[in-house]
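The values are calculated or read from the model by the stated rules, or taken from the named source; none is laboratory data. Treat the numbers as computed from the prediction; the structure is a model and nothing was measured. Protein only, heavy atoms only, side chains kept; ligands, DNA and RNA dropped before computing areas. Shrake-Rupley method; radii C 1.70, N 1.55, O 1.52, S 1.80 Å.
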Amino acid sequence: MASEVLNQVKEAEIKADKLVDDAKKKAKDIIDAAKKESEIESLKAIDAAKTHAKDIKDKAKAKAEDDKKPVIAKANEDSEEIKNRDQGEIDDLLEILVERIVANGNS
């Protein structure tokens, strides 16, 4: 009878060890799956952030392009106006400037 009880205790210990081993394996599998899922989610979040940053950059670049168009157009107009001025008018302006510079320099 004592040996029968010992056999039952040994069988119970073997079953308990197997249950513990199975639980450890299941826990490891769950942890591994969670790590893999978190890596995937992290990569998705990084990709989304990169896409968002690129969109912001592209919008800023497009706005800068739009904002510079009137400035360049005005500069071109001013440039053409200067080019189209009568050479005599430019010569007169230069002469006046030289006279002022000389006059102020001799003070």
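The table below lists the values:
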{"quantity": "Search result, residues across region 1-55 that are among the hydroxyl-bearing types (S, T, Y) and within 19 Å of the chain's Cα centre (by Cα)", "calculated": "S42, T51"}
{"quantity": "K44 open to solvent by 90 Å² or more (accessible area, probe 1.4 Å) and either at pLDDT 90 or above or of a type in the set (F, W, Y) (or both)", "calculated": "yes"}
